[in-house]
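Visitor: Have a look at this one.
The values are calculated or read from the model by the stated rules, or taken from the named source; none is laboratory data. Note that the coordinates shown come from a computational prediction; the quantities given were computed from them, not determined experimentally. Reconstructed Cβ throughout: ideal geometry from the backbone, glycine too, with neighbour counts over all protein chains shown.
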Amino acid sequence: MQHYHRIRDLREDSDLTQEQLCRRLYMHKTTYTNYEQGKHTVPLDFAVTIADFYDVSIDYIAGRTNFLKGKANPQFSDEEIDLIEKFSCLTERNKGKLELFMEQLIEQQKEKEFKVKEAG
């Protein structure tokens, strides 16, 4: 994934228009639009600014990792790694849908566990 996709996805996930973001970052909209469309390479100083703004790593913006906070090396099982790889292939919108579905499953699981404890 190219870095310009990441900065667009981060902006959209934050429910910001290009105009709103540019006002917050004190930059000209045309400049930002060129970065987001991949017409111009994102300079390092802007990558740092945008990483700080969204609280993500530069590695994430550059597409070097799918972990928002950087190249962490957590210990995952093979099953967990498979799920992470599948998740990273989803669009940001579908990631949100999946996260909502997972939250619903967890809540249902908690309710079942609670009922079993009360019955026992």
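Visitor: Hey, can you tell me all the residues within the stretch 60-114 that are in a helix (DSSP H, G or I) and of a type in the set (V, I, T)?
Guide: I61, I81, I84, I106
Visitor: Another one. From the list Q104, Q18, which one is in contact with a Lys or Arg (Cβ under 8 Å, 6 or more places away or on another chain) and not basic (K, R)?
Guide: Checking each option against the conditions leaves just Q18.
Visitor: Examine the stretch 70-77 for a residue that is surrounded by 11 or more Cβ atoms within 10 Å (Cβ to Cβ) and hydroxyl-bearing (S, T, Y), and state whether such a residue exists.
Guide: No: zero hits.
Visitor: Between K110, K29, which is among the basic types (K, R) and modelled with pLDDT of 90 or more?
Guide: K29
Visitor: Another question, then. Check G63, G70 and return the single one that is touching a residue at least 60 places away in the same chain (Cβ under 8 Å), at positive phi and out of contact with any Leu (no Cβ under 8 Å at 6 or more places or on another chain).
Guide: The conditions single out G63.
Visitor: While we're on this one: Restricting to the stretch 10-39, name every residue that is farther than 18 Å from V56 by Cα and among the small types (G, A, S).
Guide: G38
Visitor: Still on this structure: In the set E12, E19, which member is outside the structural domain of K95 (by TED's automatic domain parsing), closer than 22 Å to R64 by Cβ, of a type outside the set (S, T, N, Q) and in contact with a helix residue (DSSP H, G or I) (Cβ under 9 Å, 6 or more places away or on another chain)?
Guide: Checking each option against the conditions leaves just E12.
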